[in-house]
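Trainee: Have a look at this one.
The values are calculated or read from the model by the stated rules, or taken from the named source; none is laboratory data. Being a predicted model, the structure only gives us computed values, none of them experimental. Glycine gets a Cβ as well: all are built from the backbone with ideal geometry, and neighbour counts include every protein chain shown.
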Amino acid sequence: MSSGTAGVNPEEAHSGGVAAEQAAALLKDLPVEFDEAVLAAQTAMNPDPSVKGWSAFGDNHVDHMEDVKRHAGAIAGNIQGGAEEGARTDLESAEQFPPNI
């Protein structure tokens with residue numbers, strides 16, 4: 001698209017939404033995997049001198065992992081919704097103008 005113009009290519013936007021949806025699917029287990037990683041680190045650091053605070057760290061940040069997962073799903077939906085809205089707008093606008101010859 002050239003400078004000074006506005007528009008959307010619904011097919012490209014939809015494929016971007018599909019890619020975002022696939023990325024979001026990969027994050028579905030992120031909170032569980034994060035919790036498992038914290039537990040693995042805690043287990044590895046258990047011998048003396050041990051490091052404390054793993055449970056609190058995991059508890060504090062697992063909510064952030066839930067947010068990341070939720071936001072990824074919302075982004076995918078928003079991209080696909082924007083593609084659909086762009087296509088609908090193009091269709092409605094096309095009805096108001098004669099076809100180019």
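Trainee: Check Ala76 against each of (1) within 19 Å of Val18 (Cβ to Cβ); (2) among the hydrophobic types (A, V, I, L, M, F, W, C); (3) part of a loop (DSSP other than H, G, I, E, B) and name the one condition it does not meet.
Mentor: Ala76 satisfies all of (1) within 19 Å of Val18 (Cβ to Cβ); (2) among the hydrophobic types (A, V, I, L, M, F, W, C); (3) part of a loop (DSSP other than H, G, I, E, B) except (3).
Trainee: Let me ask something additional. Pairs only if they're at least six apart or on different chains, beta carbon under 6 angstrom, first in the stretch 54-73 and touching a residue at least 24 places away in the same chain (Cβ under 8 Å) and in a helix (DSSP H, G or I), second crowded, with 16+ Cβ neighbours inside 10 Å and among the small types (Gly, Ala, Ser); list them, first residue then second.
Mentor: What qualifies is Ala72/Ala24; Gly73/Ala24.
Trainee: From Glu11, Glu36, grab the single residue that is over 18 Å from Ala72 (Cβ atoms) and modelled with pLDDT of 90 or more. Step through it out loud before you land on a result.
Mentor: Numbers: Glu11 fails: modelled with pLDDT of 90 or more.
When all the criteria are applied, what remains is Glu36.
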